[in-house]
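The values are calculated or read from the model by the stated rules, or taken from the named source; none is laboratory data. Note that the coordinates shown come from a computational prediction; the quantities given were computed from them, not determined experimentally. Because the Cβ atoms are built from the backbone with ideal geometry, glycine has one as well, and the counts that use them run over all protein chains shown. Ligands, DNA and RNA are stripped out before the accessible areas are found, and what is left, the full protein with its side chains, is counted by its heavy atoms. Shrake-Rupley method; radii C 1.70, N 1.55, O 1.52, S 1.80 Å.
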Amino acid sequence: MSTAHINAKPGDFAETILMPGDPLRAKFIAENYLEDAREVTNVRGMLGFTGTYKGKPVSVMGHGMGIPSASIYFHELITVYAVKNLIRIGSCGAIHDDVKLMDLVIGMGASTDSKVNRIRMRDHDFAALADFNMVRKAVEQAEQKGLSVKVGNLFSSDLFYRPDEDLYPLMASHGILGVEMEAAALYGVAAALGAKALTICTVTDHILRHEHLDADDRRTTLNDMITLALDTALQ
Ligand code: ADE
């Protein structure tokens, strides 16, 4: 059985999936990092692939931009395709002083201005958390690879273009490391449905310092994030 959003067959997805926002990035990862990768879904151009990495079955699929889009794919992958471990790989805009361009940020938790987790919890706060073992494995792998990682709180924003930019320093003063758009949804969906989840972000810009990565550095940090996510998925 397929869904309105995913036309894969049962068994087409591995238990572990890497999820970038961009479906063409999913294709790039499938073609350059997986062995024997085959396309398993393409509804609305939201491409998904399954192959192997160092002998272990792994899938990779785009989730689109923002919480509503991503939540649909997270939900259906877990409930219909029995996916158990989801690793979002994306970019974030840093806001904290301790975070610099090219760092990787592991989202131990995710704050948000979205209401999705309050809808789940009858309007109470829900601490949206990554799976502890996945965080630990990712940190161990990053240390082994000599990568600069920061671990902490992300902010999953419903707005890329915020009218209230004075919120960024307030977030930073509360220890939030960076702003992205999906981690709180991933952690909420995974918690509700009994799956494990992690978010790893490359720092592509520093919002408060008005800094941006150039194209070469983007490629390097993207490769670091993909191999970190894949080696975390192997554990
Ligand atoms: N991803 C990268 N930069 C971002 C920003 N400034 N806001 C939200 N998501 C982002």
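Restricted to the stretch 106-116, and to residues there that are open to solvent by less than 40 Å² (accessible area, probe 1.4 Å) and hydroxyl-bearing (Ser, Thr, Tyr), the residue that is nearest to residue 180 (Cα to Cα) is 111.
Residues of the stretch 113-144 that are among the aromatic types (Phe, Trp, Tyr) and not in a loop (DSSP other than H, G, I, E, B): 132 alone. When residue 98 is tested against (1) touching a residue at least 12 places away in the same chain (Cβ under 8 Å); (2) of a type in the set (Asp, Glu); (3) on the phi > 0 side of the Ramachandran plot, only condition (3) is not met. Tally the residues that are surrounded by fewer than 21 Cβ atoms within 10 Å (Cβ to Cβ) and touching a helix residue (DSSP H, G or I) at 6+ places or on another chain (Cβ under 7 Å), restricting the search to the stretch 65-77. Result for the stretch 65-77: 2.
Candidates 59, 2: the one that is of a type in the set (Ser, Thr, Tyr) and open to solvent by 40 Å² or more (accessible area, probe 1.4 Å) is 2.
Checked against the criterion of being surrounded by fewer than 24 Cβ atoms within 10 Å (Cβ to Cβ) and within 26 Å of residue 83 (Cβ to Cβ), the candidates 208, 198, 193, 228 yield just one match: 193.
Taking each residue of the stretch 67-91 that is closer than 17 Å to residue 110 by Cβ and looking for partners that are within 16 Å of the ligand (Cβ to nearest atom) and assigned to a helix (DSSP H, G or I) with beta-carbon atoms closer than 6 Å, six or more apart or interchain, yields 67/185; 70/185; 71/185; 74/186; 88/186; 89/225. Residues that are in a strand (DSSP E or B) and either modelled with pLDDT under 95 or surrounded by fewer than 18 Cβ atoms within 10 Å (Cβ to Cβ) (or both) within the stretch 5-56 comprise 35, 36, 38, 39, 52, 56, listed in sequence order.
Of all residues in the stretch 156-202, exactly one satisfies the criterion of being without any contact (Cβ under 8 Å) to a residue 60 or more places away in the chain and within 15 Å of residue 105 (Cβ to Cβ), namely 157. Quick one: is residue 152 out of contact with any Lys or Arg (no Cβ under 8 Å at 6 or more places or on another chain) and surrounded by fewer than 19 Cβ atoms within 10 Å (Cβ to Cβ)? Yes. Restricting attention to the stretch 75-106, the residues being touching a Phe, Trp or Tyr at 6+ places or on another chain (Cβ under 8 Å) and within 16 Å of the ligand (Cβ to nearest atom) number 1.
Listed here are the residues, each with its yes/no results for (1) surrounded by 15 or more Cβ atoms within 10 Å (Cβ to Cβ); (2) more than 24 Å from residue 213 (Cα to Cα).
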site	(1), (2)
104	yes, no
118	no, yes
122	no, yes
129	yes, yes
133	no, yes
137	yes, yes
140	no, yes
